[in-house]
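Every number in this text was worked out from the coordinates using simple rules, so none of it is lab data. Since this is a predicted model, take the numbers as computed values, not measurements. Here Cβ is always computed from backbone atoms with ideal geometry, including for glycine, and neighbour counts include all displayed protein chains.
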C-alpha cells in the first residue's frame, strides 16, 4: 500500500499564490502607469481645452486624495495656444501636488480668469505655509520648472507664503505670448519667485 497523495502539493499551491499576487501587483502597476501617463499629458487638454482639463484635474484629485478643490473660472477665451494651455495646466498640477503634500490641509482654491489681455491663474490654500527663501535655496525642481514655463511665455510668476499663513501661487500670462516665446523674446521677461 502506497502513501501517495494525488492532490495539489504545497509547492503547487505556493506557486498559484505567487502567480495571483504577481497578477494583482501587475494590474495595480498598469493602473498607476496609466494614471501617470494621464498626468504627464492630459488628453482633455488637447481635445476639450484648458478649462475642462483643469476642472477634470481638480475633480480627479478631489476624489483620489479626499480633498476639496474649489475651481472657479471666468471670462476665459474659447481657445489658447497649446504652449500657454500646457504651461497653465502643468502649474496647476504641480501647485496642487505641492499643496497636498506640504500644506497640511485638504481644502484648496483654483481660480482661472481671462482679462482680455492676460490669463491669470491662482492656486491657494490656508495651510501651514513655508519659508519661501529656504525653498528657493533648496533648489526644488518644481518651483524652478513652474517659473521657467512662465518666463518662456513672458508672464509673471509669484508665490506668497509664510509659515502658518498658507500659500498662494499666482501666474499672469499675456494672451499671444506663445508667439513671442517662439521668437525667443521670453528671456527678457520678468518673474517674481
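Taking label points 7 Å from Cα along the Cα-to-Cβ direction, residue 107 and residue 26 give a separation of 4.6 nm.
Spin-label pair residue 13-residue 164: with each label point 7 Å from Cα along the Cα-Cβ axis, the two points sit 5.9 nm from one another. Under the shape rule built on the C-alpha gyration tensor, where the axes satisfy a ≥ b ≥ c, the range 40-87 is oblate, since a/c reaches at least 1.5 while a/b does not exceed b/c. If you take the square roots of the eigenvalues of the alpha-carbon gyration tensor of the range 43-188 and sort them as a ≥ b ≥ c, do you get rounded (a/c under 1.5), prolate (a/b over b/c) or oblate? Because a/c hits 1.5 or more and a/b fails to exceed b/c, the range 43-188 counts as oblate.
Subtracting the Cα-Cα distance of residue 65 and residue 126 from their residue separation scaled by 0.36 nm leaves 20.2 nm.
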